[in-house]
Amino acid sequence: MEPVRAILLPGSVLPAQPAYGALIDALGPEVQAAAKDLELYAGDAPPPGWSLDTEIEGVLREADARGWDTFHLVGYSGGGSAALAFTAKHGGRLLSLALLEPAWAGSWDWSPAHAQLWKQYDRLDTLPPQEFMPAFMRLGVKPDVVLPPPPPGPPPPWMAKRPGGIRAFVETFKSYDLDRSPLAAFTRPVLFILGGLSNPDDYADNAERLTRVFPDFRLEVFPQRHHFDPPHRMEPGRVAELLREHWERAEGRAA
């Protein structure tokens, strides 16, 4: 029996290995899990003309280099948005899709509160660097959530790229055309994992809208988690169990 093949895309802050290391350990050796860094951070600044299509091309290169004609795709936050864009353009390569709180899920049917939230994201651009990340994190959670302080010591070198990368995501979300029609035609299983303490005007609204798009959609809520202590890092065993079940059902249908 062939091992399960999966590509995992991280969000706009942590690199792929620290983002997914605990989850990959929990998945075990029977899963070939490729934690792939975003193309956005391949250099010191976002590549010229970068968009979600750049991330799509990176996933295709990763899969082709591994000889994977089909595979499962997992994406968190900005990586979840890239995974949705990949599904819209290359859904035939996927056995399943798992979305871990995608940062953006198309621009249709937003609630008024969701639209207002993105005006607040726009205003982040006016902040000085030392205020940018705290303000960005605050928008991702419910108002009463206490965010953890930064870890002691100097920030890791890769952190310097993150404000520019987050801004690049916000800008491409304004103009990217995520086509709903191929998503509605994607009949493979879709799993959406949501933190109950994340900002509901963003992530819960994305989940609600996607329930009306994907024919085979399952929502799993972790009530005590939020976007910055996400389930795949804080409860990797349970997420691994959900993913194995999700993939087993998808591969059974494919067979």
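Numerical summary
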item	result
Rounded to the nearest 20 debye, dipole of the chain from Cβ charges on Lys, Arg, Asp, Glu	140 debye
Helical segments meeting 15 Å axial Cα length and Kyte-Doolittle -0.5 threshold in the chain (DSSP H)	16-27, 52-65, 78-90, 129-139, 162-175
GluC sites (Glu not before Pro) restricted to DSSP loop in the stretch 9-66 with at most 13 other C-beta within 10 Å	Glu30
C-alpha center-to-center spacing [the stretch 1-61, the stretch 90-136] in angstrom	18 Å
Whether the chain is rounded, prolate or oblate, judged on the alpha carbon gyration tensor where a/c under 1.5 counts as rounded	rounded
Only Lys, Arg (+1) and Asp, Glu (-1) charged, at Cβ; the stretch 159-255 dipole about Cα centre in debye	220 debye
Cα-projected label distance for Asp179 with Gln17, points at 7 Å along beta-carbon direction, nm	3.8 nm
Potential lengthening between Val146 and Gln130 on full extension [0.36 nm per residue; Cα-Cα distance subtracted]	3.9 nm
Three-way shape label, the stretch 157-255, alpha-carbon gyration tensor, a/c 1.5	oblate
Local net charge near Val170, Cβ-Cβ under 14 Å (Lys/Arg +1, Asp/Glu -1)	+1
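Any read-out appearing in this document is the output of simple, stated calculations on the displayed coordinates, not a laboratory observation. Fair warning: this is a prediction, and the values are worked out from it, not measured in the lab. Cβ sites come from the backbone with ideal geometry, for glycine too, and all protein chains shown count toward neighbours.
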